[in-house]
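The values are calculated or read from the model by the stated rules, or taken from the named source; none is laboratory data. Quantities reported herein were computed from a predicted structural model and do not represent experimental measurements. Because the Cβ atoms are built from the backbone with ideal geometry, glycine has one as well, and the counts that use them run over all protein chains shown. Protein only, heavy atoms only, side chains kept; ligands, DNA and RNA dropped before computing areas. Shrake-Rupley method; radii C 1.70, N 1.55, O 1.52, S 1.80 Å.
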Amino acid sequence: MKKTALITGATSGIGEATAYEFAKQGINLIICGRRLQRLNTIQKALERLTNVHILNFDIRDKHETFKAIESLPKPFKNIDILVNNAGNAHGLDPIQTGNIDDWDAMMDINVKGLLYVSKAVIPQMTERKSGHIINIGSSAGKEVYPKGNVYCASKHAVLAITEGMRIDLNPFGIKVGSINPGLVETEFSQVRFKGDAIANNVYKGFKALQAKDIAEIIYFAISRPPHVNIADLLVLPTAQASSTIVKKKV
Ligand code: NDP
Ligand code: 8X3
């Protein structure tokens, strides 16, 4: 039987690439995000490969989140795979001059939003005693770098939540794992630097990971046999040794 996956943050970057990868494999898709027009375009492109349902909501809003997931029509109601991908960095400032709105955005989206979506989806997985949750963490969840403070905290939280989920959902046979990328060339830096020109330099001088690289790894993780769970994966571009060491052409 065809599986159904819910992907948050499917309007760009890793989430969008994952939607394409899953569609190629015939997985039914629930694609989520705030930018409705993009969701419509992606739905149109993928509908020739699989069934696609759109949920247009902001994961910061717990009522909207629950309402959206409750609204799923019957063919999409049973979610086999949840990819908690939506998230971003907002700003890159030392803690003493950090912007409180940026801090709120990162904790509300990357941490609380992930929890709201999970809370809305997990009960049906525990009931069926099956399911697979992939949380998209980051190298920033394993290592703190200068000015990364709150973004790193949010991704450390994602890692702790992943481990907690894996422990609590163990009796139900639900797989839980995190994929933790280093530098991936997406809209991530445009969001982090609010469209400032500095964003254009982040991926210059080396070959960064592409969204498709991570999407393929997510598909690999969800397509392992029932007894195999990819629990925690750190994925870096070859040019990157750590958050602060990146070999760039001069
Ligand atoms: P993008 O900016 O390209 O994608 C972010 C996605 O998150 C968009 O689809 C966006 O959709 C969605 N999103 C953001 N805020 C919200 C919100 N409040 N409600 C619903 N959806 C939201 O970045 P990436 O693809 O790079 O990022 C995806 C994930 O990967 C993030 O969790 C990020 O932290 C993580 N990551 C990224 C790395 C990188 O270097 N790019 C490295 C390591 C991890 P919309 O705006 O339409 O709502
Ligand atoms: C994104 C990777 O190094 O830009 O999570 O924070 S980094």
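Were the residues from ASP108 through HIS63 laid out at 0.36 nm apart, the gain over their Cα-Cα distance would be 14.8 nm. Placing a label point 7 Å from the Cα of ARG128 along the Cα-to-Cβ line, the residues of the range 1-21 whose backbone N sits under 11 Å from it are 1-6.
Residues whose amide H falls under 5 Å from that of ILE133, counting only those 5 or more places apart or on a different chain, are LEU82, LYS175, VAL176, GLY177, with hydrogens built in the peptide plane.
Using the Cα centre of the chain as origin and beta-carbon charges of +1 (Lys, Arg) and -1 (Asp, Glu), tell me which of LEU29, SER118, ILE136 is placed farthest towards the positive end of the dipole. Going by the Cα projections, it comes out as LEU29. Only Cα sites of the range 162-222 enter the Debye sum here, all with the same form factor; the resulting log10 I(q)/I(0) across q = 0.20, 0.23, 0.26 1/Å is -0.82, -0.93, -1.04, listed in q order. At a probe radius of 1.4 angstrom, the accessible area of the range 58-98 per residue rounds to 54 square angstrom. Evaluate the distance, in nm, between pseudo-label points positioned 7 Å from the Cα of PHE220 and of LYS2 along their respective Cα→Cβ axes. My value for the distance between the label points is 2.7 nm. With 0.36 nm allotted per residue and the present C-alpha distance subtracted, the VAL250-GLN37 stretch has 72.7 nm of extension available.
Note on GLU187 and TYR145: the model spin-label points, each 7 Å out from Cα along the C-beta direction, lie 2.2 nm apart. Centre-to-centre, using Cα atoms only, the range 32-63 and the range 210-250 are separated by 25 Å. The C-alpha atoms of the chain occupy a region whose extents along the principal axes are 52, 38, 35 Å, arranged from largest to smallest. For the chain, modelled as a GNM whose springs connect Cα atoms under 10 angstrom apart, the maximal fluctuation among ILE136, ILE161, ILE14 occurs at ILE161. For the range 120-200, the list of chymotrypsin sites (Phe, Trp or Tyr not before Pro) that fall in a loop by DSSP and count at most 14 other C-beta atoms within 10 angstrom is empty.
Apolar share of the accessible surface for the chain: 56 percent from carbon plus sulfur atoms, 1.4 Å probe. Summing Cβ point charges (Lys, Arg +1; Asp, Glu -1) relative to the Cα centre of the chain gives a dipole of roughly 620 debye. Taking each of LYS207/LYS248; LYS207/LYS249; LYS2/LYS112; LYS77/LYS129; LYS155/LYS248 in turn, the alpha-carbon distance tops 19 angstrom for LYS2/LYS112; LYS155/LYS248.
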